[in-house]
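See structure below.
The values are calculated or read from the model by the stated rules, or taken from the named source; none is laboratory data. The structure presented is a predicted model; accordingly, all values stated were derived computationally and were not measured. Positions of Cβ are generated from backbone atoms using ideal geometry, with glycine treated the same way; all protein chains shown enter the neighbour counts. Accessible surface areas use protein heavy atoms only, side chains included; no ligands, DNA or RNA. Shrake-Rupley method; radii C 1.70, N 1.55, O 1.52, S 1.80 Å.
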Amino acid sequence: MPLFPPTTCQRLIIKVGSALLVDPDGSVRRDWLATLVADVAEREAAGQQVAIVSSGAIALGARRLGLSKGGRASLEDAQAAAATGQIALAQVWADLLGNHGLTAAQMLVTLGDLEDRRRYLNAAATLGRLLGLNVVPVVNENDSVATEEIRFGDNDRLAARVAQAAAAQGVVLLSDVDGLYDANPQSNPAARHVPRVERIEDVAGMADAGSGSGMGSGGMISKIAAARIATAAGIPLAIASGRVDRPLSGERRHTLFAAERSASARKAWLAGGLTAAGTIRIDAGAGTALAGGGSLLAAGAVAVEGAFARGDLVTIAGPAGPLARGLSEYDAADARRLLGRRSEDHAAILGYAPRAALVHRSHLAML
């Protein structure tokens, strides 16, 4: 059975990495790409709606501009290469999809577009409308304006966030390997393939950050991070090889990360956030209360890190590490004044009527 067949998955997000799209000399692997598009067309004809997260703009642009190191020698080179390569990449997708009577649409997004709630909802509405019109959105990070500090950095995690925004039922990360192994198969011939992952915590130590081609910015670590985002939103994610023609057809060995739980759209957005303005550290008792569905009260908070404002996304960390993310009810300065204090003391400390919690359970998602 093909990965995420149309009968069980109305909306599918497919991520294609740079090494699959572009040869080492910087030319498009058009023949292979045509076979992938044939798969997409077949699925669209069967009623599945498909969006593509496509890498490759920097690699294509670097070739056209004659830039060294694949356009990644500096941030400025990467931005110039992306601006040049993105138009060529979009044309390739439009041409190949058009050969099957499909319309392509380009969406360039930044980290802020999917981390800011209002902009995220706008992006989600656009994706939903395009898919509903049987258009194939081709999504990429807008590397021409992204900086090292404010960017996804890899399209694996972008694909997981796009899946959330599109309310998809599956994500396929096409890679140069056919899934997760218990060791690096390039250096360890005895490495064993992992066909299914029920809990990401069980496999987090199996990955490394290397990009085998040298063109991409991902690696297995980024793919596991993407799986964490997707599965927390109730969306299964598969890693499969793109080193074959028609990679979505027939029986293909892959690793499937099963959806761990289903979450509301808002909670999934909170849990999948990649940037946080600060951290609130809590004691073990507060961690237990959060796990039971409670709000974060000041009495259980022990430290505040960062300079955040009310409404900013913050990480909530217990003694063993991050536990949750949520929207702070206070700015950092007032949160610090309330550390460890009981609710009845808050009005006297602040000089104004306090809010019920540092982070209310309605605006909090466990990790």
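Annotations
- Index of the failed condition, T84 passing every other in (1) surrounded by 15 or more Cβ atoms within 10 Å (Cβ to Cβ); (2) under 21 Å from the mean Cα position of the chain (by Cα): (2)
- Filter result (over 20 Å from D331 (Cα atoms) and either aliphatic (A, V, I, L, M) or at pLDDT 85 or above (or both)) within the stretch 258-273: A258, A259, A263, A265, A268, A271
- Within the stretch 291-321, the residues that satisfy the criterion of being without any contact (Cβ under 8 Å) to a residue 60 or more places away in the chain and assigned to a helix (DSSP H, G or I) are A299, G300.
- Test: residue in the stretch 20-30 that is closer than 21 Å to A104 by Cβ, assigned to a helix (DSSP H, G or I) and open to solvent by 40 Å² or more (accessible area, probe 1.4 Å): yes
- Which numbered condition T288 fails, given (1) part of a strand (DSSP E or B); (2) surrounded by fewer than 20 Cβ atoms within 10 Å (Cβ to Cβ): (1)
- Residue identified as at negative phi, modelled with pLDDT under 95 and surrounded by 20 or more Cβ atoms within 10 Å (Cβ to Cβ) among A226, A183, A207: A226
- Residue in the stretch 322-345 that is least open to solvent (accessible area, probe 1.4 Å), counting only those that are part of a strand (DSSP E or B) and either among the acidic types (D, E) or in contact with a Gly (Cβ under 6 Å, 6 or more places away or on another chain) (or both): L327
- Filter result for L313 (in contact with a helix residue (DSSP H, G or I) (Cβ under 8 Å, 6 or more places away or on another chain), more than 21 Å from I200 (Cα to Cα) and open to solvent by less than 20 Å² (accessible area, probe 1.4 Å)): no
- Here K15 meets the list (1) part of a helix (DSSP H, G or I); (2) at pLDDT 95 or above almost entirely, failing just condition (1).
- Every pair of residues 6+ apart whose Cβ atoms lie under 9 Å, when the first sits in the stretch 120-147 and is open to solvent by 50 Å² or more (accessible area, probe 1.4 Å) while the second is hydroxyl-bearing (S, T, Y): L133/T103; N134/T103; V145/T110
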